[in-house]
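Written below as structure tokens is the structure these notes are about.
The values are calculated or read from the model by the stated rules, or taken from the named source; none is laboratory data. On a predicted model such as this, the values are computed, not experimentally measured, just so you know. Reconstructed Cβ throughout: ideal geometry from the backbone, glycine too, with neighbour counts over all protein chains shown. Heads up: the accessible areas ignore ligands, DNA and RNA and are worked out on the full protein's heavy atoms, side chains in. Shrake-Rupley method; radii C 1.70, N 1.55, O 1.52, S 1.80 Å.
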Amino acid sequence: MDTETRFGGCVHHVADCGAFGWILLPDGETLFLHRKAITNADTLKPGDQVTFQIIETPRGLKAVDVELIGGDADRVQADPEDPPPDRPPGSGW
């Protein structure tokens, strides 16, 4: 996979602990995100627009070099009760 290509997406869900979450890609797929991959913000919130690179790991694809687009003023409000795709409400995450 070309590690120089940057992609765009929207943070869909962040775990309560804030250590990881998922980015919703334009095609409807989700991509794992770890807090250590964020380069220009302390945390991300559901609805944040981000750019990132994708790498393949033994556990699957994940986002790296994640950058928040804009700042707090540009953040979109998302429903915190909305579970990530393919994860039912009340699934404990």
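Starting with the highest mean, order 54-63, 40-49, 24-33 by the number of other Cβ atoms within 10 Å, averaged over the residues of each peptide.
On the way: 54-63: 12.6, 40-49: 16.5, 24-33: 14.9.
Listed from highest to lowest mean packing, they are 40-49, 24-33, 54-63.
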Q: Report the local net charge at HIS34: Lys and Arg +1, Asp and Glu -1, summed over other residues whose C-beta lies under 13 Å from its C-beta.
A: +3
Q) Expressed as a whole percentage, what fraction of the accessible surface of the range 21-72 belongs to carbon and sulfur atoms when a 1.4 Å probe is rolled over the protein heavy atoms? A) 49 percent
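What number does the range 5-59 give for Rg over Rh if you use C-alpha atoms and the Kirkwood radius? Don't skip to the end; give the middle numbers.
On the way: Rg = 10.5 Å, Rh = 11.4 Å.
We get a ratio of 0.92 for the range 5-59.
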